[in-house]
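The values are calculated or read from the model by the stated rules, or taken from the named source; none is laboratory data. Since we're looking at a predicted model, the values are computed, not measured. A quick note on method: Cβ atoms are made from the backbone with ideal geometry, for glycine too, and the neighbour counts reach across all protein chains shown. These area figures cover heavy atoms from the full protein model, side chains too; ligands, DNA and RNA do not enter into them. Shrake-Rupley method; radii C 1.70, N 1.55, O 1.52, S 1.80 Å.
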Amino acid sequence: MSTDPAAERERLALLRDYPRGGFDEMLAADGTVRPAWRAFLDGLAAMGRAGREAAAESTRRALRESGIAFNVYADPDDRRHAWRLDLLPVLLAEEEWRRLERGLVQRARLLDRTLADLYGPRSLLRDGTLPAALVLGSPEYVRPEVRPDQPERRFLSLYACDLARTADGTWVVLGDQCDAPIGNGYALASRVAASHGLAELFALTHTRRLAGYYQRLQEMLLATSGRDDGRVVVLAGGPEAPTWFSHAYLARYLGYSLVQAADLTVRDDLLYLKTLDGLQRVDLVIRKTPGRLADPLWLPGSGLAGVSGLVQAVRSGRVAIANRLGSGLAQGRAMAPFTAVLCRRLLGEDLVIEEAPTFWLGDPAERRRALELGLPVLPATARNDPGAPVVPIEPAALAAAERAALAERLEREGHRWVAQRPVTFATAPSLDGDRLVPVPWAVRCFVALAGEDYAVMPGGLVRLAGAPTGVALPNGFGSKDLWITGERPPPQVPSLLQARLREVHLRRTGRDLLSRSADNLFWLGRYAERAEAVMRLARSVLTRLGEDGRVDVEPAILHRLLDLVLAKGPAPAGTDAGSLERLVAILLFEPRAYGLRETLDHVHRTATLVRDQISHDAWRMLAALHVDRRWRAVEGVLRARPTLELLDDGIRALSAFAGTEAENMTRNWVWRFLEMGRRIERAIQLVDLVRVLALERADPESDGSLRLLLELGDSFMTYRSRYLTTPLTAPVLDLLLLDETNPRSAAFQLEELARHCRLLPSEQPYRTAEQRLVLELSTAVQLADPLLLATADASGRRAELAALLDRLGRGLPAISDVIGRTYFAHAEAAVVTIALQRREGA
């Protein structure tokens, strides 16, 4: 223990009134601190309250920057979707962990052997070790995988096991995750955040690192793919799924593509990834979707969730999959009532880690006993993932009629259900202000194939329980990291990024970009530019509503600009400053189409979906905008000065993002689609501004419109450096519409678009549809005469300017639509082909 008196007082204060009862990870039954916790507790006390608060804030910041959540689109202040990580980890001594490792490896081997038998010789069914109804009646039984003539196959490349320590200190199994183990990404992100916030304690406790496990995992996956540079993809559901973040984080960490079923296709029993450069062969699929939904051709009920032909591709041996289809047969608690017998039968061993007491309800005697005891009932193969918990049926909480209906249902389909006796969880300390309190917990541990046996990740995903008892991994009450501590520093593990290929094929192209990713990048560029335009507009309006009430532009002009963005049509009645402030507040803070709040949400959504394509710094800038509560903290009255400071911060963040894009991104298709979206949106915004501030104004030179136009077009200083006069119509229009050297002009945007479109993939020997549209608009701009654009007729109308703006106003959205159909929806080629066929037929 610490000899520092101040640290000792802090330690005693932390332990003040710490309750005792049941098994606690930190305190032994006699109240002494367990050896694994002594150095950690001394270090925590030595930090003092200020140090602990700083560590907690550092951890929260790391979590925010990671974007961890159950719903990546949710409001960051919505606690239903937030990932809550306790500052204090759970500590286990290395010697105790070694016993758990043995039990986890044994369990992975046991379930893998069981699955291999059930889909192979089926001796376990023939000799009655397992009831046929449990297997053949399971919704997870994938019949196309039954191949008794094949040698024993490996089913579990990846495995996760939910464990709990009970009130008497015994470890028990709560569930098996065999089908598509989920949670690695959450565990990784939690480790990064926790080790960042408590870096000194992490080193002091000699905690084992996770990199060695993932290095062995990569080696296994590389060997499974069958090629040194084989393409590996992580197949997941959509981003709306609560576990999407975990899959995305894991894919980024391992360097693999995260894909959905629609991104894959099968041709001649080969699996391909759909990219802008055509089909790219896939060698290995890390499956994070249910195996029973893998292929609508072979597995009824898959619908659109699967990949047509995937089963046949796997059966032919031309693509590998982890885990093998059908592994869900051992999912959840399906095998729990039989594992003790299976272990002796298949491995000749007793279980190292016992099961939580579980009853298979396909047995009439077990079913009657479970119902009499009122034990919680749940589907045998139910998943129980963070954010998507299994909810057991509590017979004791049902009315008499409901209990009768449950008994009748179990009579019919009891083979698909189990009952489980609740487990009283052990506790671990959590920091509550300036003292420690015990919280119940359980953990998900991760196992991966390594050569001929299995390796266990030295850590896990700890979930906190809201009640002292439960039948499954707790869900929804927070999380902790799991530290495996030792007496000596752990060995250094080489970086996961260290090259291990025997042969590296040099590449300078990023052409294998998913069409879905290109779509999101394109709209990320558009939304980021749109958000900046709205911020600049709001800033210009508020700046003109100074404390002295002076407005150097007619208020009606400001109203018209705000109404343009708000799409309200005619300007509202009244032109006083209060009304303008009200419109600015609506534009900035209310969730509405084209408003800033919704636009920033779109920025975050698209950035999240392409996070593996943009730099870490770029992501941090955009994530900071999303989590900044000031964009959501709307007060009754808009305060100009704080809002102006907020807008300045937002414009700086978006400008920094644009600068990172310009300076740090490789000039591949990722950058090109991001750039095209930005250029199109900038041109559209500029056309709208010129229409309101130049075309619609009878005398824009005298009412302040041109100065405001230059300011919103971020070209005022450029104009001042060229012309020593107040803004005049012809030079302003030339600078903002026709000047190809001005990066804010329409001409510059069209030149950039033309350059990008020339380099897009195309098999046509002639100009593509988007190239023709860009060329048409670019030619119109190049041929325009700024003096004619500025000239008004007798009625005050500038006909040349109106015609050019109308042409640009129609053409720019058309370019966006054609790019979307051609490269994101892949419809343009079909349209062109049909048109040519009709022409030839005529």
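Tabulated data
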item: Whole-Hz couplings from phi, Karplus 6.51/-1.76/1.60, listed for the range 407-413; x for Gly and Pro; result: 4, 5, 5, 5, 4, 7, 9
item: Accessible area per residue in Å² at 1.4 Å probe, computed on the range 667-829; result: 43 Å²
item: Extreme residue, positive dipole direction of the chain, given options N384, P296, G659 (C-beta unit charges); result: P296
item: The range 667-829, relative contact order [Cα under 8 Å, separation at least 6], %; result: 24 percent
item: Solvent-accessible area per residue, Å², over the range 86-140 with all protein chains present [probe radius 1.4 Å]; result: 34 Å²
item: Using alpha-carbon coordinates, inclination of helix 555-566 to the longest axis of the chain, degrees; result: 40 degrees
item: Heavy-atom accessible surface of the chain: percent carbon and sulfur, 1.4 Å; result: 51 percent
item: For A450, residues with placed amide H under 5 Å, excluding near neighbours; result: A455
item: For the range 178-336: accessible area per residue (Å², 1.4 Å); result: 32 Å²
item: Cα point-scatterer Debye curve for the chain, base-10 log of I(q)/I(0) at q = 0.04, 0.10 Å⁻¹; result: -0.23, -1.13
item: Cα-centre dipole for the chain with unit charges at Cβ (Lys and Arg positive, Asp and Glu negative), debye to 20; result: 1400 debye
